[in-house]
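Computed from the coordinates by the stated procedures, all read-outs in this text should not be read as laboratory data. These numbers come from a predicted model, not from an experiment. Don't worry about glycine lacking a Cβ; one is built from the backbone with ideal geometry, like all the others, and counts go over all protein chains shown.
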Amino acid sequence: MSSIKALLLPLLLFVVQNAQAQVSFERILNATDEPHNWLTYSGNYSGNRHSELDQIEPGNVNDLQLKWVFQAQSLEKFEATPLVVDGIMYLTEAPNTVTALDAKLGRVFWRYEYTPSYQSRPCCGRVNRGLAILGETLFMATIDAQLIAIDIVTGQPIWKTAVADPNTGYAMTLAPLIVKDTVVVGVAGGEYGVRGFISAYEVDTGEEAWRFYTIPGPGEPGHETWEGGGDAWAHGGASVWLTGSYDPELNLTYWGIGNPGPDWNPAQRPGDNLYSDSVVALNADTGELEWYFQFTPNDDYDYDSVQIPVLVDLDTRVFSSGKLMLWGNRNGFFYVLDRTTGEFIRGNPFVRVNWASGLDESGRPIETPQPAGATTYPCVGGGTNWYSPSYSPDTELFYVSAWEGCGHVFRPVEVEYLPGQRFLGGRPTYANPGAPGLPSLFRGPINNWTETEGTGAVIAIDPRTGGERWRFNMTDVTTSGILTTASNIVFTGGREGYFYALHAETGDLLWRTSLGGMIASGPITYAIDGKQYVTATSGNGLFVFGLRE
Ligand SMILES: [Ca+2]
Ligand SMILES: [Ca+2]
């Protein structure tokens with residue numbers, strides 16, 4: 001036996017004993033039946049980040065105490081959501097290091113450090129949002145656009161596939177999605193004039209199974225929405241940088257698509273620019289397009305529509321179909337769609353919006369472009385953005401992290417496409433002179449955010465009306481995702497470093513604690529030996545809480 005195997009044997013036995021064999025596709029399909037685990041980025045295929053665990057509840061949430069902390073070696077933004085499988089946590093550290101830990105004690109089992117190509121150039125931080133798991137294999141998408149399969153026992157790579165070329169601005173920051181025996185990813189690069197795509201790979205070999213280009217090529221339906229001839233479509237962005245959802249009954253996988261490029265000069269790409277700022281429903285076996293719905297045609301503002309598609313089944317007496325998709329969009333509108341057909345059911349603004357006065361019967365925005373020099377709402381950051389929303393089947397409410405009253409002045413500028421270079425077409429500015437500017441990854445020693453630039457909120461929206469049920473206000477804007485539990489708790493955080501527990505029915509603050517650093521990913525919950533835990537990332541750490549014993 002080699003020395004490395006001798007070292008790994010005790011760990012291997014531990015894993016085999018604890019990991020009731022493999023994470024089958026069947027188990028992921030039924031993830032809500034094993035709420036002690038967190039098997040996918042969004043917790044389950046419906047993307048609702050809702051857990052059936054209820055040990056931590058409004059009556060005892062004040063007894064939460066810190067159990068352990070994982071300090072990342074990376075100083076990048078901590079946007080990752082961990083996976084938890086039978087007592088073991090699998091976590092990415094920015095940019096592309098994977099760590100396996102004992103989820104009860106925080107002890108590290110192994111660490112796999114992948115060094116991405118120095119050519120990788122993700123627009124907005126060398127970040128990673130997490131892993132997918134199937135069988136005994138983890139899957140990581142890297143910032144140099146590689147997909148890597150990793151053995152859960154040894155932490156060693158099994159195969160690596162080049163998804164795209166990082167030299168031309170392609171990157172990957174999302175957690176992959178397992179569908180059957182494929183692993184599905186999408187490519188980032190919308191600020192570099194890439195042509196976006198979603199692609200699936202065989203889990204055993206890394207061989208490509210299908211690819212869907214998010215911009216139709218010549219001769220394909222939708223290509224005509226890139227008007228004026230030329231090759232605007234060929235570097236029109238429409239990237240994909242958050243994980244999709246999956247409906248096994250319809251066999252459709254849903255993905256949100258990013259902005260068209262150049263971001264802020266729509267005159268260089270006349271037309272609706274399909275499928276930028278859309279949701280696409282793809283056949284999970286072939287990647288063929290079943291339907292699409294576009295939120296923001298010919299986007300002027302970088303309103304990426306990459307948000308997590310949240311699949312919800314609600315009473316059919318209220319809607320034409322009970323199979324719905326809820327979507328809090330970066331463009332400031334909340335949408336209800338029929339996820340079988342893509343039909344628009346309703347849409348309402350959930351924050352201050354002035355780029356459109358509303359939506360028509362088909363859901364197309366009634367645009368009200370602001371005069372040159374005037375402020376457009378929402379700002380580039382959007383009414384919300386990439387941080388995961390949550391839906392509770394108990395309260396039947398949709399919870400979204402929102403930026404209220406944040407506006408920008410947009411000034412389009414002509415830009416030439418150069419491979420691998422930024423392809424932006426302008427630089428939005430705040431109307432308020434002396435404003436602290438776009439929220440950066442890290443703030444200075446003093447939080448200089450002012451309410452003039454907008455405020456953060458968690459908003460609970462009733463999908464039956466599109467109206468707001470309650471709102472929990474923060475001073476600074478928020479970049480935290482949201483978790484709901486069966487005990488009617490909303491867990492979330494903010495850029496001020498607070499980790500909150502709110503009442504899901506009322507929005508009342510139940511508990512909060514300061515973690516000292518910006519919270520920039522979604523909390524999760526899991527259980528081991530009958531004890532529930534809840535996590536938050538803050539600054540460079542992952543903090544794990546449980547009830548006082
Ligand atoms: Ca436009
Ligand atoms: Ca973008």
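Odds and ends about this structure:
- For Thr429, Thr465, Thr253, order by how many other beta-carbon atoms lie within 10 Å, fewest first: Thr465, Thr429, Thr253
- Shown here for segment 30-127: trypsin sites (Lys or Arg not before Pro) in loop regions (DSSP other than H, G, I, E, B) with at most 16 other Cβ atoms within 10 Å, namely Arg107.
- Label zone (Val413, point 7 Å along Cα-to-C-beta; backbone nitrogen cut-off 19 Å) within segment 108-123: 123.
- Approximating the spin labels as points 7 Å out from Cα along Cα→Cβ, the Asp462-to-Ala431 distance works out to 3.2 nm.
- Additional length obtainable on full extension of the chain from Glu26 to Asp102, 0.36 nm per residue less Cα span: 24.9 nm
- Packing order of peptides 274-287, 152-165, highest average first: 274-287, 152-165 (average count of other Cβ atoms within 10 Å over each peptide's residues).
- Estimated FRET transfer efficiency (Glu361, Asp285; beta-carbon r; R0 41 Å; 0.05): 0.80
- Each label was represented as a point 7 Å from its Cα along the Cα-to-Cβ direction; for Thr452 and His223 these points are 5.0 nm apart.
- Under 13 Å, Cβ to Cβ, from Tyr387 - net charge with Lys/Arg +1 and Asp/Glu -1: +3
- Residue exposure sequence - Cys379, Cys124 - by fewest surrounding Cβ within 10 Å: Cys124, Cys379
- Think of segment 44-125 as a dipole: +1 on every Lys or Arg Cβ, -1 on every Asp or Glu Cβ, centred on the Cα centre; then among Asn96, Trp110, Leu53, Asn96 lies furthest on the positive end.
- With the biggest extent put first, the Cα atoms of segment 199-326 measure 44, 44, 25 Å across the principal axes.
- Taking the chain and dividing mean pair separation by its residue count, relative contact order in percent (alpha carbons under 8 Å, at least six apart): 14
- Remark on the chain: Rg and Dmax equal 21.9, 73 Å (Cα only).
- Gain on full stretching of the segment that runs from Arg111 to Arg317 - 0.36 nm per residue minus C-alpha separation: 69.0 nm
- FRET E, pair Ala162, Tyr118, Förster distance 22 Å, beta-carbon r, rounded to 0.05: 0.90
- With the simple spin-label model, which puts each label point 7 Å out from Cα in the Cβ direction, the Arg422 to Leu75 separation comes to 2.1 nm.
- As a proxy for reagent exposure, Leu91, Leu397 were ordered by neighbouring Cβ count within 10 angstrom, fewest first; the result is Leu397, Leu91.
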